[in-house]
Amino acid sequence: MVTTLTSAIVLTSQSVLSDAGHGPKDAGNVAVLTVTVTVGAVMLLMGVLRLGAVMSFVSNAAMTGFSTGIALQIITGVLKGATGYQPQGHNKLYQLGDWLVHVGDWKGATTLVAVVTLGVWAAARAVKRLEPVALLIAMVVASVGGRPCPSTWNW
């Protein structure tokens, strides 16, 4: 849980700051970075002191909402890379809706690579012995399959 929460805090912080138009040297970024590092230090201290039971006081509904929000951040963050279409909107939910409405604007080859990568990952996970390395297999297949023919490579 500590790793998940720390990653989520970093992801959310970066997204909020970039949406607000703050650059990497703005005072707001420094303040958020300080808070994020402090939260990470407190989480580390709680882990060292074996206070993980404190998480049982966080309701299931709160954790579900938090996880859903982070999932939305991650998904909208990869939409352009997966389909070649940059969704527009002032928040992540609007961007997701814009992306779904503009299916016709997705680039075919880019989308095909993303779909094939997900398909290879799912197929590898279905094989019990390949499950631990399913993501690696999908990334290798996508990387090799997405490259031009070896005769066109410049050595």
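Within the stretch 71-88, the set of residues being farther than 23 Å from residue 108 by Cα and surrounded by 14 or more Cβ atoms within 10 Å (Cβ to Cβ) comprises 72, 73. Among the residues of the stretch 102-125, just one is surrounded by fewer than 16 Cβ atoms within 10 Å (Cβ to Cβ) and among the basic types (Lys, Arg), namely 107. Against the definition (at pLDDT 80 or above and touching a Ser or Thr at 6+ places or on another chain (Cβ under 6 Å)), how does residue 83 come out, yes or no? In short, yes.
Results for (1) open to solvent by 80 Å² or more (accessible area, probe 1.4 Å); (2) at pLDDT 80 or above; (3) in contact with a His (Cβ under 9 Å, 6 or more places away or on another chain), shown as yes or no for each residue.
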{"residue": "5", "(1), (2), (3)": "no, no, no"}
{"residue": "19", "(1), (2), (3)": "yes, no, yes"}
{"residue": "32", "(1), (2), (3)": "no, no, yes"}
{"residue": "35", "(1), (2), (3)": "yes, no, no"}
{"residue": "41", "(1), (2), (3)": "no, yes, no"}
{"residue": "49", "(1), (2), (3)": "yes, yes, no"}
{"residue": "69", "(1), (2), (3)": "no, yes, no"}
{"residue": "90", "(1), (2), (3)": "yes, yes, no"}
{"residue": "100", "(1), (2), (3)": "yes, yes, no"}
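The values are calculated or read from the model by the stated rules, or taken from the named source; none is laboratory data. All values reported here derive from a predicted model rather than from experimental measurement. Heads up, the Cβs are rebuilt from the backbone with ideal geometry, glycines too, and the neighbour counts pull from every protein chain shown. These area figures cover heavy atoms from the full protein model, side chains too; ligands, DNA and RNA do not enter into them. Shrake-Rupley method; radii C 1.70, N 1.55, O 1.52, S 1.80 Å.
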